[in-house]
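The values are calculated or read from the model by the stated rules, or taken from the named source; none is laboratory data. Since the model is a prediction, treat every value here as computed from it, not as a measurement. As a convention, Cβ positions derive from the backbone with ideal geometry for all residues, glycine included, and neighbour counts pool all protein chains shown. Surface accessibility is based on the protein's heavy atoms, side chains included, excluding ligands, DNA and RNA. Shrake-Rupley method; radii C 1.70, N 1.55, O 1.52, S 1.80 Å.
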Amino acid sequence: MKKIALIGIGKMGLSHLAIANQTANIKVEAICDTSKPLLRVIEKNTDFKCYSDYKKMISELELDAVMILVPNSYHFEIAKECIEKGLHIFIEKPLTLSYSESVQLIDLAAKHNVKGQVGYVNRFNPIFQKVKKLLDAGVIGNVTSYVNKMTGGVILKENTKGWRNDYSKGGGCLFDYGPHCLDLSNYFFGTDVTVSSAVLKKVFSTNVDDLVYSTLIHNNSIVGFNYINWSDSSVRKATNSIEIMGTKGKLNAGKQELSIYLNEENKELSLVKGWNQLFVTDENMDVPYYLRGEDFTRQLINFSDLVNGKIEKSESSLYDASIADRLMEDIMNLNSKLR
């Protein structure tokens, strides 16, 4: 049983706390947050050790790993401190706000024999995992192009303040929504990837982007358009969807369903010529518990397996996450800004 602690008990932190507390082979030993009223409530109603200073916590306690669930701008500082203490880390996306800092963490983790995982939960979704298997098996032939979209309704009126309107704090659609979209592209098509074009556009925010349009080139052969929008009032909850074109057909996928169009029948997989429909309930939905969703359960099981030595590399490694950080940095450097 490995002992872990959580740093940052905000919205995502509370969610991860509930899930980690039910995950086999890890035990939540302590939590850390700067909100003392919150800590008093948790301390009164649970057995967790509570700290307001993470450095004090990791110095006093014998821990095996930490989950870093703080605002984006603090990721590097806290992760560096924990890695130097020899603690395995789970860190919410993005890894850092700077590709050079992400590379520093990767090198530091290798030096201290520390394993890491980043919270790219799409990689644990059954439909997206099915898409990955189909692509690897060449079911739609050689992939030629794709359109990857992530939309949501976060900023729907004039925004002049707060962390979401500040790039240095990890604000902006690119840094907040972009990581999931870009990482999904890398998951499907590989990390040999460059940015060909980029446009950032403001809609309601005064200092940051609300829309992102970017073209990526993978392996010098696959061209992909990534569209990211957190100012879409028609979307109740953040949504990922992707259309992938191949030489033998195409597929459309979201978190709940998958449509495959084939030029010819695939008898081995019982797929007919023309359209085929698959749903998330057709895939393996078995998880030991359900709190926020099966994807989040699988993600924490993967982290438990990592820190317990059952696997050597996470499904969402520090290296994988660093590529998304590089792409965001390249998009920022290349972008043509529109009002």
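Results for (1) crowded, with 21+ Cβ neighbours inside 10 Å; (2) of a type in the set (D, E); (3) farther than 20 Å from I127 by Cα, shown as yes or no for each residue.
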position	(1), (2), (3)
S145	no, no, no
N148	yes, no, no
N159	no, no, yes
S168	no, no, yes
S185	yes, no, no
D192	no, yes, yes
K201	no, no, yes
Failed item, numbered, when L14 is tested on (1) open to solvent by 30 Å² or more (accessible area, probe 1.4 Å); (2) of a type outside the set (D, E, K, R); (3) over 20 Å from K93 (Cβ atoms); (4) under 22 Å from the mean Cα position of the chain (by Cα): (3)
Pair list, Cβ under 8 Å, 6 or more apart: segment 11-27 residue in a helix (DSSP H, G or I), other residue open to solvent by 70 Å² or more (accessible area, probe 1.4 Å): S15/L291; S15/R292; A18/L291; A18/R292; I19/L291; I19/R292
Pick from segment 280-334, criterion among the charged types (D, E, K, R) and not in a helix (DSSP H, G or I), ranking: farthest from I26 (Cα to Cα): E283
Top-ranked residue in segment 225-277 [being modelled with pLDDT under 95 and among the hydrophobic types (A, V, I, L, M, F, W, C); ranked as surrounded by the fewest Cβ atoms within 10 Å (Cβ to Cβ)]: L269
Check on Y261, farther than 23 Å from P179 by Cβ and not in a helix (DSSP H, G or I): yes
Residue satisfying all of: in segment 217-226; touching a residue at least 40 places away in the same chain (Cβ under 8 Å) and in contact with a helix residue (DSSP H, G or I) (Cβ under 8 Å, 6 or more places away or on another chain); nearest to K202 (Cα to Cα) among these: N226
K44 vs. criteria farther than 12 Å from A5 by Cα and either touching a helix residue (DSSP H, G or I) at 6+ places or on another chain (Cβ under 7 Å) or at pLDDT 95 or above (or both): no
Conditions (1) surrounded by 22 or more Cβ atoms within 10 Å (Cβ to Cβ); (2) part of a loop (DSSP other than H, G, I, E, B); number of the one not met by F175: (2)
Pairs where the first residue, in segment 279-292, is modelled with pLDDT of 75 or more and the second is surrounded by 14 or more Cβ atoms within 10 Å (Cβ to Cβ) and polar (S, T, N, Q), C-beta under 9 Å, 6+ apart: V280/N125; E283/Q129; V287/T297; P288/Q22; P288/T23; P288/T297
Failed item in (1) of a type in the set (K, R); (2) out of contact with any Lys or Arg (no Cβ under 7 Å at 6 or more places or on another chain); (3) assigned to a strand (DSSP E or B), with K3 passing the rest: (2)
Residues of segment 300-316 satisfying the condition of being touching a strand residue (DSSP E or B) at 6+ places or on another chain (Cβ under 7 Å) and open to solvent by less than 20 Å² (accessible area, probe 1.4 Å): F303, S304, L306, V307, S314, S316
